[in-house]
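As structure tokens, the structure follows; a few thoughts come after it.
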Amino acid sequence: MPRDARSLEEMSQTGPRRLLSWRMALAFAGLLTSAAAAHAEPRKVILDDDGFALAQWMVIKAPNVQVLGVTTVTGDAWTKEATADALRGVEIAGRPDLPVYTGATYPLVNTEAQTERWEALYGKLVWKGVWMKHWVEPTLQKLPPYHGPDVVPDLPQGNPTIKAQQERAADFMIDMVHRYPHQVSIIATGPLTNLALAQRLDPEFASLAKELVYMGGCLNPRQTRPDEVAHQFAREFLNAPRREFNIRFDPEGASIALRAPWARITMIPVDPSTDTELTPALLKRLSRSGTPVAQSLKTREPGFPLWDEIAAAVWLDPSLITQKAELYVDVNSQFGPSYGDILSWTPGYQPGLGEGKTIVVQKIDVPRFEDLMDRLVAAPQKPLSGKPLP
């Protein structure tokens, strides 16, 4: 038999067996990978925000995640109100064991009087958080009641029965990164005041953390959805494409936090949120299951972009990011018309004053993002140990 013919005959006989062996090996490797993932050390995270809602519930209910604690800061709500919201939020999630820490009441430098002076000089802000007394023009969204820092209104989902920890938020963050060096992620979805305080109290703080993921700032967002809600939210960036509330509320704190020596920074600006909206249909979908979190969503007002939820989602699943850029980012802290605006540079153009190299999320896969939210909201409640219930 010719050599070539014999080789072909041998291959025809051994090929299927070899292919089967390869498939068995790959399957076994997959089982090993799955087993390793199941027994992998949970991802450690601190949730820092000026409220508590779907974004925090997503992370708390996610598998293989250990939430070390929740910290609060003033922004959309005063920190005492945000703390009450967080305490009630962890109760609803079935995790009253999760500690909640009260953070900064005021920005480092910015004040209500200074903000009003800025508006007199440079024009009205669309949103001022706790300093907002009235809409500049008719708006579909309800205006939260204006009150002082010590007032804690009754919450629509009921008031908490548990108490916050005595330790301050910044001190707690410092303690955690020292206890778990290079393991703790921080997801910040409000002003960055607590992070700035932690960095000033302990220069090692940021370098001991694993990463910072924050929702804040904007580069050049554009309205992409056709409805009136999207049109009204576009007011905030239409004539000021670099201005966003979380950063504008405490520009000095944001600049300190973003110049800190983090190993990794991921920025979720306003830009990708213009493709998203908590529509009545999506809210109905998310609240259809019988879990306490899903039922609590029925008290949520629809018609908001999903800013914070994107931050939680891309931390949980970075593959949701479909477009990103690597930029150096800082904040304009000079009192003037661009006070609080984001500054950014492509690598090589930055001034080199400590601005951090940042992964900037520009676009996400919205259908997969909504599917992830739906799965997490409907997921079984975790027991107090943090491990999934059977």
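Here are some notes:
- Spatially proximal lysines relative to K124 (Cα-Cα < 17 Å; intrachain offsets below 8 disregarded): K133
- Distant-in-sequence amide H partners of A104 (H built 1.01 Å from N, under 5 Å): T74, N194
- Shape class for the range 87-229, computed from the alpha carbon gyration tensor (a ≥ b ≥ c): prolate, with a/c not under 1.5 and a/b above b/c.
- Computed with a 1.4 Å probe over protein heavy atoms only, the accessible surface of the range 327-382 comes to 45 Å² per residue.
- Å² per residue, accessible surface of the range 50-90 at 1.4 Å: 19 Å²
- Residue-by-residue Karplus 3J(HN,Hα) for the range 97-105, coefficients 6.51, -1.76, 1.60, Hz, glycine and proline x: 6, 5, x, 10, 10, 7, x, 5, 7
- Read-out volume of the Cα convex hull per residue in Å³, derived from the coordinates shown; its label in (i) 155; (ii) 191; (iii) 143: (ii)
- Computed on the range 322-361, with alpha-carbon pairs under 8 angstrom and 6+ residues apart, the relative contact order is 53 percent.
- Heavy-atom accessible surface of D317, to the nearest 10 Å², is about 40 Å², with a 1.4 Å probe and all protein chains retained.
- Here's how it looks for G356: its modeled amide H is under 5 Å from those of V329, which are all 5 or more places away or on a different chain.
- Largest first, the residues L238, L372, L108 sort by 1.4 Å accessible area into L238, L108, L372.
- Rounded to 10°, Cα long-axis angle of helix 79-92 versus longest principal axis of the chain: 40 degrees
- Fraction of accessible area attributable to carbon and sulfur, the range 269-357 (%, probe 1.4 Å): 55 percent
- Computed from phi, the 3J(HN,Hα) profile of the range 130-139 under the Karplus parametrisation 6.51, -1.76, 1.60 (θ = phi - 60°) reads 5, 9, 7, 9, 6, 6, 5, 9, x, 9 Hz, with x in place of Gly and Pro.
- Note that the range 289-306 has calculated 3J(HN,Hα) couplings of 7, x, 5, x, 4, 4, 5, 5, 5, 5, 8, 7, 6, x, x, 10, x, 9 Hz, one per residue in order, obtained from phi through the Karplus relation 6.51 cos²θ - 1.76 cosθ + 1.60 (θ = phi - 60°); glycine and proline are x.
- Net charge in the neighbourhood of V73 (other residues with Cβ under 9 Å of its Cβ; Lys, Arg +1, Asp, Glu -1) is -4.
- Nearest-10 value in Å² for the accessible area of M173, using the 1.4 Å probe: 0 Å²
- When K142, K357, K298 are compared by accessible area of protein heavy atoms, the largest-first order is K142, K298, K357, using a 1.4 Å probe.
- Computed [θ] at 222 nm, deg cm²/dmol, the chain (DSSP H ≥ 4; -39,500 (n - 2.57); rounded to nearest 500): -11500 deg cm²/dmol
- The residues of the range 179-313 have, on average, 36 Å² of accessible surface per residue, using a 1.4 Å probe with all protein chains present.
- Accessible area of W135 in the full protein assembly, 1.4 Å probe (Å², nearest 10): 70 Å²
- With contacts taken as Cα pairs under 8 Å and at least 6 residues apart, the chain reaches a relative contact order of 18 percent.
- Shape category assigned to the range 300-353 from the gyration tensor of Cα positions, a/c cut at 1.5: oblate
- Principal-axis analysis of the Cα atoms of the chain puts helix 3-38 at an angle of about 30° to the longest axis.
- With Cα atoms, 0 to 90° folded angle of helix 307-316 axis to the chain main axis: 30 degrees
- Look at the Cα gyration tensor of the range 222-319: its axes a ≥ b ≥ c give a/c of at least 1.5 with a/b at or below b/c, and that counts as oblate.
- Mean Cβ count within 10 Å, highest first, over the residues of peptides 155-162, 179-186: 179-186, 155-162
- Amide H partners (placed H, <5 Å) of Q183, local residues excluded: K210
The values are calculated or read from the model by the stated rules, or taken from the named source; none is laboratory data. Source: prediction; values computed, not measured. Neighbour counts are summed over all protein chains in view; Cβ atoms, including those assigned to glycine, are modelled from backbone coordinates with ideal geometry. Accessible surface is based on the protein model in full, side chains and every heavy atom, while ligands, DNA and RNA are left aside. Shrake-Rupley method; radii C 1.70, N 1.55, O 1.52, S 1.80 Å.
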